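**Student:** First, the structure itself, so that you have it in front of you.
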Amino acid sequence: MKFEMNGKTIDLMPQIKRYVNGIELRLALPLKTRAKVMQDVTTGIILRHEAGESYEAIMQDMGTPRQVAQGINREMADFTYRKSPWRWVFLALALAAAAFLLYDLGMGTVANVIGGADGPTAIVVTGPGFFNYNLMHTLAVWALPLGLVLFVWLGHLRPEKNGGRQDD
């Protein structure tokens, strides 16, 4: 992040910090494991810099943040998250519930008037019908947070060990 002040360009985040952050963002590891791995990566960079290498040479030797993160994710495959494709179904459910609730909020401002001012009106009620409004509203209220929670949870599943088999 750079900005100019009194004719000088000030860099709040040095290039090496952006590089390390780029690696960390691409790691598919649980938080504690990611912190330990990033501590090791940072320590390695610091040791190489103290030995006389420039940060630019270190970054050039290690590769892009994407390449470094992909290598770490491959090495730590037992600890990486897998993402279930079902999570998109629950995101769609949450978005549909949100759309229904937003539509419902907009419809609450409309005045519902039956009949006219010039004479009597006959209303015939035959049953609840196919569309039960209160049930749909309740389902939408529950589906929105549930869909979002399941979307996040299904994006952070632990891998199955031994192809899903349990050793006895």
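**Student:** What base-10 log of the normalised intensity I(q)/I(0) is obtained for the stretch 1-90 from the Debye formula, alpha carbons as equal point scatterers, at q = 0.15, 0.26 Å⁻¹?
**Tutor:** Debye intensities relative to I(0), on a log10 scale: -0.69, -1.30.
**Student:** Suppose the chain between Leu101 and Leu157 were pulled fully straight at 0.36 nm per residue; how much longer would it get relative to their current alpha carbon spacing? Provide the component values of the computation, followed by the final result.
**Tutor:** Values: separation 56, 0.36 × 56 = 20.16 nm, distance 2.98 nm.
Computed gain between Leu101 and Leu157 is 17.2 nm.
**Student:** Note down the accessible area of Lys17, probe 1.4 Å, to the nearest 10 Å².
**Tutor:** Ignoring ligands and nucleic acids, Lys17 comes out at about 100 Å².
**Student:** Determine the share of the stretch 1-107's accessible area contributed by carbon and sulfur atoms, expressed in whole percent, with a 1.4 angstrom probe. Numbers along the way, then the final one.
**Tutor:** Details: 4610 of 7610 Å².
The C+S portion of the solvent-accessible surface of the stretch 1-107 is 61 percent.
**Student:** Any idea of Asp40's accessible area? Nearest 10 Å², probe 1.4 Å.
**Tutor:** 110
The values are calculated or read from the model by the stated rules, or taken from the named source; none is laboratory data. Nothing here was measured: the structure is a model prediction, and the numbers come from that model. We work out accessible area using only protein heavy atoms, side chains counted, and drop any ligands, DNA or RNA first. Shrake-Rupley method; radii C 1.70, N 1.55, O 1.52, S 1.80 Å.
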